[in-house]
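K.L.:
Below you will find the structure I want to go over with you.
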Amino acid sequence: QRFVDADTDPEAMADELAQNFDTFPNSVVDVAVSSDSAKAVALQTFAGLSERVEFAALMVPIRRKEAMRFRLVHGLSLREAEHPKEFPVYATSDLDTLSGSMTGQMYDKGNWLFKCGTILVKPIGGAEAHSIALSAVANLYPRTWGDFIVAPRYTREGEIEIPMGVFHDEIGRVKLNQYKELNEQIATGNRRRAREGERPERDQDGLAASSVDQLTYPMVFPSIIVWENADVAQTTIELASVLAAQTTPMMQVVLGLKSARPKLLNILSALPAWLNAVAQPANRQWNHKSRTNLIKNFPIDAGDAEIQVVSAALFTDHMALADELRFRLKKKNLLRLEVGLPVSDHGDRALLAIEDLQFRCLRRQVVYKPSMRLVKSPFGLTRQMFDILVTA
């Protein structure tokens with residue numbers, strides 16, 4: 001990763017990033033913008049880099065003491081509309097009005113979907129207009145929770161313009177339905193074989209086939225899709241086999257349906273301890289499918305100190321739960337979120353609240369680590385509960 005502050009030389013930083021991509025063509029670089037005064041410098045850096053290599057930038061959650069964070073992906077290009085809607089930006093432009101207009105053009109809030117096509121943001125003037133333009137771009141992130149890309153560049157006149165758009169593939173809808181149908185057939189066949197004592201089917205890579213498959217969607221990291229009928233043990237083995245590679249620091253899990261969140265909670269809690277893996281809400285896709293980053297070698301240890309406990313059962317709304325988590329994390333940046341029965345209800349609410357905590361409440365990176373425990377009821381029945389360590 002690289003850091004940009006107000007004193008950074010845009011041309012020198014662009015040269016450094018270009019050299020990195022030349023040396024490591026498949027690399028991804030995170031660029032953290034340290035403060036509001038560094039936004040214009042960051043925009044000039046990205047525009048200069050576009051003259052050296054082909055790349056595009058994704059918005060990602062900030063960390064503490066950062067104003068913005070971009071993920072630069074080498075070789076990624078934006079599919080631009082022939083006549084995109086233009087948004088001129090001046091030093092006197094109102095940021096909230098501009099952000100609202102851009103969001104309305106790109107995002108269908110009623111259906112929680114990005115629209116097709118691109119927009120073109122054109123800052124007119126000096127550093128102040130550049131700063132407002134990049135701030136307006138960043139404001140789409142907490143409003144949509146979604147994945148979109150920006151590709152700043154210099155025009156022939158030496159001005160900067162910012163094309164923006166989303167990964168939008170119309171055949172994706174058909175492919176998703178085909179994948180779901182195929183995976184359900186495989187899962188049904190595997191259940192039948194299990195009853196008959198046979199071994200499950202295996203795919204070409206030697207892994208047992210399950211209700212997990214890759215999406216036809218441009219991903220930066222390896223990704224799988226999880227449906228509500230996924231086999232927990234088998235999926236955990238597949239995740240661990242991918243993350244075990246030294247060259248794979250992170251992968252993404254996409255929910256096929258929102259009803260799969262409790263299944264995801266089971267899968268995350270079953271990951272082997274040697275991975276030291278945590279989960280983090282990732283940008284949603286253009287079609288609002290939830291994604292989760294799995295990051296390995298990221299230890300979260302409560303130690304012997306007492307930590308705050310929040311029960312998901314006390315809340316009927318995920319937004320109220322997210323607000324409570326934000327309040328508790330301001331006191332101490334670690335808490336335990338308890339998820340009891342029914343897990344299908346409380347687990348869904350808990351994971352939605354963590355996503356809301358990152359994008360709406362804190363607007364910075366949130367990571368969590370679920371674990372499962374068995375408790376006995378007064379009637380002697382064994383119950384499954386989850387504890388989720390949450391930190392930001």
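The values are calculated or read from the model by the stated rules, or taken from the named source; none is laboratory data. This structure is a prediction, so every number in the text was calculated from the model and none was measured. We place every Cβ from the backbone using ideal geometry, glycine too, and count neighbours over all the protein chains shown. SASA here: full protein model, heavy atoms, side chains in, ligands and nucleic acids out. Shrake-Rupley method; radii C 1.70, N 1.55, O 1.52, S 1.80 Å.
K.L.:
If Gly256 meets every condition in (1) exposed (fewer than 15 other Cβ atoms within 10 Å of the Cβ); (2) at pLDDT below 90 apart from one, which number is that one?
P.N.:
The failed condition is (1).
K.L.:
Another question about this same structure. Within the set of pairs 6+ apart or on separate chains, which have a first residue in region 149-166 that is over 18 Å from Ala14 (Cα atoms) and open to solvent by 10 Å² or more (accessible area, probe 1.4 Å), a second that is assigned to a strand (DSSP E or B) and not hydrophobic (A, V, I, L, M, F, W, C), and C-beta atoms under 8 Å apart?
P.N.:
Here the result reads Val166/Gly146, each pair linking region 149-166 to a residue that is assigned to a strand (DSSP E or B) and not hydrophobic (A, V, I, L, M, F, W, C).
K.L.:
Which residue is most open to solvent (accessible area, probe 1.4 Å), if the candidates are limited to region 329-345 and must be of a type outside the set (A, V, I, L, M) and more than 12 Å from Leu362 (Cβ to Cβ)?
P.N.:
As a first pass, look at region 329-345 and keep what is of a type outside the set (A, V, I, L, M): 330-333, 336, 338, 340, 342, 344-345.
With the extra rule that they be more than 12 Å from Leu362 (Cβ to Cβ), the set shrinks to 331-332, 336, 338, 340, 342, 344-345.
Working: Lys331: 138, Lys332: 82, Arg336: 71, Glu338: 44, Gly340: 12, Pro342: 66, Ser344: 84, Asp345: 69 Å².
Only one residue tops the list, namely Lys331.
K.L.:
A further question follows. Just need a number here: residues in region 303-332 that are farther than 18 Å from Asp356 by Cβ and polar (S, T, N, Q).
P.N.:
Applying the first criterion (farther than 18 Å from Asp356 by Cβ) to region 303-332 yields 303-309, 331-332.
Retained after the next criterion (residues that are polar (S, T, N, Q)): 308.
Looking only at that region, the number is 1.
K.L.:
When you look at Lys332, is it under 15 Å from Ile388 (Cβ atoms), in contact (Cβ under 8 Å) with a residue 24 or more places away in the chain and of a type in the set (Lys, Arg), yes or no?
P.N.:
No.
K.L.:
What are the pairs with Cβ atoms under 7 angstrom where one residue, in region 250-272, is farther than 15 Å from Lys289 by Cα and the other, located anywhere, is open to solvent by 20 Å² or more (accessible area, probe 1.4 Å) and part of a strand (DSSP E or B)? Sequence gap at least six, or different chains.
P.N.:
Correct list of pairs: Met250/Ile295; Ser269/Ser371; Ser269/Met372.
K.L.:
If Ile307 satisfies all but one of (1) at pLDDT 90 or above; (2) farther than 30 Å from Asn139 by Cα, what's the number of the condition it fails?
P.N.:
(1)
K.L.:
Let me ask something else about it. Could we say that Ala57 is modelled with pLDDT of 85 or more, in contact with a helix residue (DSSP H, G or I) (Cβ under 8 Å, 6 or more places away or on another chain), crowded, with 16+ Cβ neighbours inside 10 Å and in a strand (DSSP E or B) here? Lay out the reasoning, then the answer.
P.N.:
On the way: modelled with pLDDT of 85 or more: yes; in contact with a helix residue (DSSP H, G or I) (Cβ under 8 Å, 6 or more places away or on another chain): yes; crowded, with 16+ Cβ neighbours inside 10 Å: yes; in a strand (DSSP E or B): yes.
So Ala57 fits the description; yes.
K.L.:
Still on this structure, I have one more. Going through Glu16, Glu66, Glu54, Glu11 one at a time, which residue ends up being under 16 Å from Met164 (Cα atoms) and among the acidic types (Asp, Glu)?
P.N.:
Values: Glu16 fails: under 16 Å from Met164 (Cα atoms); Glu66 fails: under 16 Å from Met164 (Cα atoms); Glu11 fails: under 16 Å from Met164 (Cα atoms).
Checking each option against the conditions leaves just Glu54.
K.L.:
On to the next question. Among the residues in region 23-44, are any more than 19 Å from Val150 (Cβ to Cβ), in a helix (DSSP H, G or I) and not hydroxyl-bearing (Ser, Thr, Tyr)?
P.N.:
No, region 23-44 contains no residue that is more than 19 Å from Val150 (Cβ to Cβ), in a helix (DSSP H, G or I) and not hydroxyl-bearing (Ser, Thr, Tyr).
K.L.:
Spot the failing condition for Asp323; the list is (1) surrounded by fewer than 20 Cβ atoms within 10 Å (Cβ to Cβ); (2) in contact (Cβ under 8 Å) with a residue 60 or more places away in the chain, and only one is missed.
P.N.:
Going through (1) surrounded by fewer than 20 Cβ atoms within 10 Å (Cβ to Cβ); (2) in contact (Cβ under 8 Å) with a residue 60 or more places away in the chain one by one, Asp323 breaks only (2).
K.L.:
What number goes with the only condition from (1) without any contact (Cβ under 8 Å) to a residue 24 or more places away in the chain; (2) open to solvent by less than 70 Å² (accessible area, probe 1.4 Å); (3) within 20 Å of Glu159 (Cα to Cα) that Met13 does not pass?
P.N.:
Going through the list (1) without any contact (Cβ under 8 Å) to a residue 24 or more places away in the chain; (2) open to solvent by less than 70 Å² (accessible area, probe 1.4 Å); (3) within 20 Å of Glu159 (Cα to Cα), Met13 breaks only (1).
K.L.:
Next question. Here is a check on your reading of the model: is Gly104 of a type in the set (Gly, Ala, Ser) and either loosely packed, with under 15 Cβ neighbours inside 10 Å or touching a Pro at 6+ places or on another chain (Cβ under 7 Å) (or both)?
P.N.:
Numbers: of a type in the set (Gly, Ala, Ser): yes; either loosely packed, with under 15 Cβ neighbours inside 10 Å or touching a Pro at 6+ places or on another chain (Cβ under 7 Å) (or both): yes.
Spelling it out, Gly104 is indeed of a type in the set (Gly, Ala, Ser) and either loosely packed, with under 15 Cβ neighbours inside 10 Å or touching a Pro at 6+ places or on another chain (Cβ under 7 Å) (or both).
K.L.:
So in region 74-98, with the set limited to residues that are closer than 30 Å to Phe21 by Cα and not aliphatic (A, V, I, L, M), which one is most open to solvent (accessible area, probe 1.4 Å)?
P.N.:
The first filter runs over region 74-98 and keeps only residues closer than 30 Å to Phe21 by Cα, leaving 74-82, 84.
Now narrow it down to the ones that are not aliphatic (A, V, I, L, M): 74-75, 77, 79-80, 82, 84.
Working: His74: 55, Gly75: 48, Ser77: 68, Arg79: 180, Glu80: 79, Glu82: 159, Pro84: 33 Å².
Ranking the qualifying residues of region 74-98, first place goes to Arg79.
K.L.:
Kindly indicate whether any position in region 293-310 is closer than 23 Å to Lys65 by Cβ, of a type in the set (A, V, I, L, M) and outside any loop (DSSP other than H, G, I, E, B).
P.N.:
Yes, some residue in region 293-310 is closer than 23 Å to Lys65 by Cβ, of a type in the set (A, V, I, L, M) and outside any loop (DSSP other than H, G, I, E, B).
Yes or no, residue by residue, for (1) surrounded by fewer than 19 Cβ atoms within 10 Å (Cβ to Cβ); (2) in a helix (DSSP H, G or I):
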| position | (1), (2) |
| --- | --- |
| Gly100 | yes, yes |
| Gly110 | yes, no |
| Leu120 | yes, no |
| His130 | no, yes |
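K.L.:
Then there's this: Only one of (1) basic (Lys, Arg); (2) closer than 19 Å to Arg360 by Cβ; (3) crowded, with 18+ Cβ neighbours inside 10 Å is not met by Arg71, so which one is it?
P.N.:
Every listed condition holds for Arg71 apart from (2).
K.L.:
Going by the structure shown, is Met59 without any contact (Cβ under 8 Å) to a residue 40 or more places away in the chain and closer than 17 Å to Pro152 by Cα?
P.N.:
Numbers: without any contact (Cβ under 8 Å) to a residue 40 or more places away in the chain: no; closer than 17 Å to Pro152 by Cα: yes.
Considered against the rule, which asks whether it is without any contact (Cβ under 8 Å) to a residue 40 or more places away in the chain and closer than 17 Å to Pro152 by Cα, Met59 comes out as no.
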